[in-house]
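> One structure coming up, written as structure tokens, with questions to follow.
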Amino acid sequence: MPSWTYRILPQQNLIITAFRDKIVISDIIQSNIAFSEDPLFNEDFDLLVDLSRCISIGFRVDILDYISFFRKRFRFKKRLRVCLIIGTLNQEYLARIYKTFGDSLNLDIDYFREMEDGLNWLNREENQKAEIVQLLANVFIDSK
């Protein structure tokens, strides 16, 4: 079973990616390729990345590889929001590095330890928050 999955919620203009167990940057790149090739993909959708179930995601140099991939793969016309839900100090360190590249990628990037804080930052309504939380609670169960 993969260590990642994604869901696109067109009615919320949102792409959700969720990761579990031990992952590396190549897993994040593969998830980005997968959702960007999905027929529901829209470059105007915000991105919610749930890393809270991960053990590790890599090293500083790995983030630079991801930034390079991202620049080649995506060219956003509209400034998008990327919300990272983190669970470890390593993820916080890497999220800080990623956040520094936000302007050059035309992204507003922020990270949070609590899902509620991230969903508030994304300006989600209560019913939307409930849908996202429910989806994430079952996302790996549904992908079996």
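Read the figures in this text as sums done on the coordinates, not as results from a lab. Keep in mind the model is a prediction, meaning the values are calculated, not measured. Quick reminder, even Gly has a Cβ in these numbers, built from the backbone with ideal geometry, and neighbours come from all protein chains shown.
> For TRP121, TRP4, which order do you get if you count the other beta carbons within 10 Å of each Cβ and list the fewest first?
In order of increasing Cβ crowding within 10 Å: TRP121, TRP4.
> While we're on this one: Mind scanning LYS78/LYS99; LYS77/LYS129; LYS22/LYS129 and naming the pairs with a C-alpha gap bigger than 22 Å?
Exceeds cut-off: LYS77/LYS129; LYS22/LYS129.
> Once you list every other residue whose beta carbon is under 15 Å from the beta carbon of PHE76, what net charge do they have if Lys and Arg are +1 and Asp and Glu are -1?
Here the count lands on +3.
> From the phi angles alone, apply the Karplus equation (6.51, -1.76, 1.60; θ = phi - 60°) to segment 30-42 and give each ³J(HN,Hα) in whole Hz, x where the residue is Gly or Pro.
4, 5, 5, 4, 4, 5, 6, 9, 6, x, 7, 4, 9
> Sort the following peptides by mean Cβ neighbour count (other Cβ atoms within 10 Å, averaged over residues), highest first: 111-120, 78-87.
Per-residue Cβ counts within 10 Å, averaged per peptide and sorted highest first, yield 78-87, 111-120.
> Of all DSSP beta bridges in the chain, what percent run antiparallel (nearest 5)?
Just about 25 percent of them are antiparallel.
> Return the long-range amide H neighbours of ILE109 (sequence gap of 5 or more, or a different chain), with a cut-off of under 5 Å between placed amide H atoms.
Here VAL82 satisfy the definition.
> Within 10 Å of each candidate Cβ there may be at most 12 other Cβ atoms; applying that plus a DSSP loop requirement, which trypsin sites (Lys or Arg not before Pro) in segment 1-60 survive?
LYS22
> From the phi of every residue in segment 4-16, what ³J(HN,Hα) in whole Hz does the Karplus formula 6.51 cos²θ - 1.76 cosθ + 1.60 yield, where θ is phi - 60° and glycine or proline is x?
8, 7, 9, 9, 10, 10, x, 5, 10, 6, 9, 10, 10
> Follow-up question, since we're still on this one. Which label belongs to the value computed from this structure, given these candidates for semi-axes √(5λ) of the Cα gyration tensor in Å: (i) 20, 18, 16; (ii) 25, 21, 11; (iii) 36, 15, 14?
(i)
> Amide H of LEU48: which non-local residues (sequence gap of 5 or more, or other chain) have their own amide H closer than 5 Å, using H built in the peptide plane?
Those lying under 5 Å, H to H, from LEU48 are ILE15, ILE16, THR17, CYS83.
> Residues with beta-carbon under 12 Å from that of PHE41, excluding PHE41: net charge, scoring Lys, Arg +1 and Asp, Glu -1?
Computed value for this residue: -2.
> If you don't mind, another one. Before anything else, pin down the relative contact order of the chain: Cα pairs under 8 Å, at least 6 apart, normalised by residue count, whole percent.
22 percent
> Give me the distance between the Cα centres of segment 26-57 and segment 63-102, rounded to whole Å.
Using only Cα atoms, the two centres lie 11 Å from each other.
> How far apart, in nm, are two points set 7 Å out from the Cα along the Cα-to-Cβ line at PHE74 and at GLN128?
1.7 nm
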